[in-house]
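Participant: Here it is, the structure, as structure tokens.
FYI, it's all coordinate maths here, none of it is from the lab. These numbers were taken from a predicted model, which means no experiment stands behind them. Because the Cβ atoms are built from the backbone with ideal geometry, glycine has one as well, and the counts that use them run over all protein chains shown.
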Amino acid sequence: MSKDYEYMLKAYAESGGAPEVFKDSRVAHLVVHKNKVYGSHTVKGLVLEPRETETGVDISLLVEKGQKIEYPVHLCFGVLPDQGVQEIRIRAKIEDGAGVSLLAHCIFPNAVNVVHRMEAEIEIGNNAFYEYNEVHYHGTTGGVEVVPKAKVKVGDKSYFRTNFSLIKGRVGVFDLDYEADVGESSVLEMTARIFGYGDDRIKIREVGRLSGKGSRGLLKSRVAVKDNAQSEIFNELVASAPEARGHVDCVEIVQGNARAKATPIVSVLNEFARVTHEAAIGRVDKKQVETLMARGLEEEKAIDLVISGMLK
Amino acid sequence: MKAMEGELLKIENLSLSLGGRQVLRELNLKVEPGAIHAILGTNAAGKTSLAYTIMGISGYTPKEGRIFFNGEEITHYPIFKRAQLGMTMAWQEPARFEGLTVEDYIKVGMKEKDPGLIKEALNFVLLEPREYLKRVVDKTLSGGERKRIELASVFAMKPLLAILDEPDSGIDVLALDHVVNLIKEMKRRGTTILLITHREEVAEIADKASLLCQGFIVKEGEAKEVGEYFKKKCLPCPVYNPEEKIEEVVEEK
């Protein structure tokens with residue numbers, strides 16, 4: 001095992017991952033440091049083909065028809081030095097009746113000038129599912145630029161779910177852009193939880209198009225910013241089919257000189273569709289803080305508990 | 001300055017104004033240790049304002065008067081310091097917390113995080129621990145469930161003084177008996193209760209009661225006696241019934 005691989009596993013554990021899964025033959029995995037594939041393993045029904053490029057890795061992921069992958073596929077992407085670029089391109093296809101969950105840890109513990117770009121094209125068939133949980137672990141310098149982009153097509157009677165979490169270390173610059181088209185009776189859920197401080201910059205753009213009859217969509221954002229950090233959230237849901245239902249739910253907590261902006265856009269193009277939204281931006285709720293203080297917590301600890309709960 | 005021996009809570013000449021309106025007027029109150037002391041009054045009598053002022057909630061700083069707790073003047077103490085001295089409050093409409101489980105919420109106030117006590121507290125308010133411990137204290141709970149969790153968290157904290165703001169509101173009839181039992185059990189375990197209510201039948205479980213009207217305490221004494229007076233003089237409330245005179249109630253101040 002190379003030193004870098006050992007360091008990757010150590011950082012992976014620190015970010016909340018369980019490195020022993022990489023020894024479990026039942027669990028598919030992929031470990032990528034910069035543009036080098038350090039480890040790769042697949043299971044029956046899953047085709048996982050990484051190809052190293054000059055600046056990163058191109059990944060082809062296919063879940064074969066009718067195959068539901070039993071254990072989450074573990075992905076580990078990272079740049080350990082303080083400088084570097086990593087570009088990950090994912091082409092994923094989930095065939096009819098198939099399904100997979102992925103758990104990705106993205107690790108940049110020493111970043112001073114690191115760029116991580118992720119570009120995904122995901123095609124989900126009918127009666128299929130794709131779940132993508134992404135956890136970031138950054139250092140404290142804020143020298144990371146993270147740019148994830150995804151275009152997703154969800155077939156009929158299927159679901160697509162993402163959970164993005166960046167609550168350890170400095171965010172740096174974060175610019176997420178996801179778009180999804182949702183078919184008949186299918187479900188879209190996109191959740192992002194981010195904590196920014198220092199001079200972090202957070203931008204989230206999520207668009208869901210509920211174009212299938214009876215489709216459902218939920219865009220949920222939970223962001224806390226303090227110091228001089230700034231966040232901007234654009235959540236857009238467009239319902240163009242009968243019985244389509246959607247909801248945009250955005251909460252941003254602001255402390256110190258931080259700034260936050262939320263733009264929920266809801267469009268309904270069919271008289272039998274319905275989309276709602278709620279957005280709350282501001283200080284931590286006074287009543288929540290005072291409730292915890294009445295149990296003996298000092299104000300700062302009460303605020304921390306409210307924020308950590310929201311980002312959990 | 002030390003309060004007189006024999007009082008856990010002592011309030012002297014307390015006056016409070018909110019938005020230019022006086023809501024508490026030269027109020028005096030003594031609560032004996034180990035007692036259930038009811039604060040009875042109709043809507044807008046100043047009951048919740050009194051509870052918030054005792055607990056030190058922001059915006060409820062008295063313009064005059066002093067509050068003593070367990071012999072120590074706490075008039076200008078922050079909320080957490082009052083809580084650390086052994087005082088807490090169950091809110092009439094408790095806050096909800098995204099991501100915080102019932103178990104973690106109850107633990108916040110506990111010095112010793114005894115899992116047995118957490119389960120006992122939930123059982124007391126008719127919430128099955130196995131079902132509720134890992135649930136989140138957010139909008140997925142009904143108002144009644146949230147309220148019972150609030151009472152359970154106060155029980156588990158084992159405070160010297162528990163201020164219970166309308167603990168019966170939003171609770172169904174079946175659970176009400178259990179809430180009453182919980183309050184009695186808290187007393188049995190040494191917690192003094194300041195019971196805020198607008199129902200004389202709830203105030204009946206108290207040892208003593210004070211009747212609050214328009215920010216004044218207009219009558220004090222045995223809970224039963226004050227309850228009967230309340231029923232006779234305050235229902236319907238003369239403040240909201242111009243045909244009767246409020247002076248009749250207030251004159252005893």
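Participant: When the dipole is taken about the Cα centre of segment A:1-65, and only Lys, Arg (+1) and Asp, Glu (-1) are charged at their Cβ, what size is it in debye, to the nearest 20?
Facilitator: 140 debye
Participant: Using alpha carbons only, how many angstrom separate the centre of segment A:209-265 from the centre of segment B:171-193?
Facilitator: Segment A:209-265 and segment B:171-193 have Cα centres separated by 43 Å.
Participant: What number, rounded to the nearest 500 deg cm²/dmol, is the helix-based mean residue ellipticity at 222 nm of the protein assembly as shown, given -39500 (n - 2.57) per DSSP H run of at least four residues and division by all its residues?
Facilitator: Here the helix-only value at 222 nm equals -6000 deg cm²/dmol.
Participant: If you rank A:H41, A:H116 by fewest surrounding Cβ atoms within 10 Å, what's the result?
Facilitator: The fewest-first ordering by Cβ neighbours comes to A:H41, A:H116.
Participant: Over 21 Å between Cα atoms, which of B:K187/B:K208; A:K10/A:K226; B:K119/B:K187 qualify?
Facilitator: A:K10/A:K226
Participant: I've got another one for you. Using +1 at the Cβ of each Lys and Arg and -1 at the Cβ of each Asp and Glu in segment A:1-103, identify which of A:A18, A:V43, A:G84 lies farthest towards the dipole's positive end.
Facilitator: In segment A:1-103, that residue is A:V43.
Participant: So if I place +1 on the C-beta of Lys and Arg and -1 on the C-beta of Asp and Glu, and nothing else carries charge, what would the dipole magnitude of chain B be about its Cα centre? I want it in debye, nearest 20.
Facilitator: About 680 debye.
Participant: Where a Cα-Cα gap under 17 Å defines reach, which aspartates and glutamates qualify for B:K113, not counting those fewer than 8 residues away within the same chain?
Facilitator: The qualifying aspartates and glutamates are B:E103, B:D104, B:E150.
Participant: Compute the distance in nm between two label points, each set 7 Å from the Cα along the Cα-to-Cβ direction, one at A:D177 and one at B:L174.
Facilitator: Each label point is offset 7 Å from its Cα along the Cβ direction, giving 5.5 nm.
Participant: Could you let me know the centre-to-centre spacing of segment B:41-73 and segment A:285-312, using Cα atoms, in angstrom?
Facilitator: 22 Å
Participant: Whose amide H sits under 5 Å from the amide H of B:A90, counting only residues 5 or more places off or on another chain, with H placed in the peptide plane?
Facilitator: B:I163, B:L164, B:D165
Participant: Considering amide H positions built from the backbone, and no H for Pro or chain starts, which residues 5 or more places from A:A104, or on another chain, come under 5 Å of its amide H?
Facilitator: Close amide H contacts, sequence-distant or interchain: A:L75, A:N133, A:E134, A:V135.
Participant: Roughly speaking, what % of Cα-Cα pairs in the protein assembly as shown are separated by over 42 Å, rounded to a whole number?
Facilitator: Tail fraction, whole percent: 37.
Participant: Give the average over all directions of the projected area of the C-alpha convex hull of segment B:66-141, one decimal, in nm².
Facilitator: Over every viewing direction, the Cα hull of segment B:66-141 projects on average to 6.4 nm².
Participant: Could I ask something else about it? For segment B:81-152 and segment A:1-31, compute the distance between their C-alpha centroids and round to whole Å.
Facilitator: Between the Cα centres of segment B:81-152 and segment A:1-31 lies a distance of 38 Å.
Participant: Of A:A241, A:M293, A:A279, which is farthest along the charge dipole of segment A:165-312 in the positive direction, counting Lys and Arg as +1 and Asp and Glu as -1 at C-beta?
Facilitator: Value computed over the given set: A:M293.
Participant: Also: List the trypsin sites (Lys or Arg not before Pro) within segment A:231-298 that fall in a DSSP loop (any state other than H, G, I, E or B) and whose Cβ has at most 14 other Cβ atoms within 10 Å.
Facilitator: A:R283
Participant: Per-residue HN-Hα couplings for segment A:278-285, Karplus 6.51 cos²θ - 1.76 cosθ + 1.60 at θ = phi - 60°, whole Hz, x for Gly and Pro?
Facilitator: 9, 9, 10, 10, x, 5, 4, 4
Participant: If only Cα atoms are counted, what is the Rg of chain B, and what is its Dmax, in Å?
Facilitator: Values for chain B (Cα only, Rg and Dmax): 18.0, 56 Å.
Participant: Amide H of B:T75: which non-local residues (sequence gap of 5 or more, or other chain) have their own amide H closer than 5 Å, using H built in the peptide plane?
Facilitator: Those qualifying (amide H under 5 Å, at least 5 residues apart or on another chain) are B:I67.
Participant: I need to check one value: relative contact order of segment A:3-284, counting alpha carbon pairs closer than 8 Å and at least 6 residues apart, in percent.
Facilitator: Normalised by residue count, the contact order of segment A:3-284 is 10 percent.
Participant: Residue by residue through segment A:5-14, what is 3J(HN,Hα) from phi via Karplus (6.51 cos²θ - 1.76 cosθ + 1.60, θ = phi - 60°)? Round to whole Hz and write x for glycine and proline.
Facilitator: Values per residue, Gly and Pro as x: 5, 4, 4, 4, 5, 5, 5, 4, 5, 5 Hz.
Participant: What list of ³J(HN,Hα) values in whole Hz, one per residue of segment B:152-160 in order, does the Karplus curve 6.51 cos²θ - 1.76 cosθ + 1.60 (θ = phi - 60°) give from phi, with Gly and Pro shown as x?
Facilitator: 4, 5, 5, 4, 5, 6, 6, x, 6
Participant: Further, regarding this structure: What percentage of all Cα-Cα pairs in segment A:3-284 are separated by more than 31 Å?
Facilitator: 28 percent
Participant: When the dipole is taken about the Cα centre of chain A, and only Lys, Arg (+1) and Asp, Glu (-1) are charged at their Cβ, what size is it in debye, to the nearest 20?
Facilitator: 320 debye
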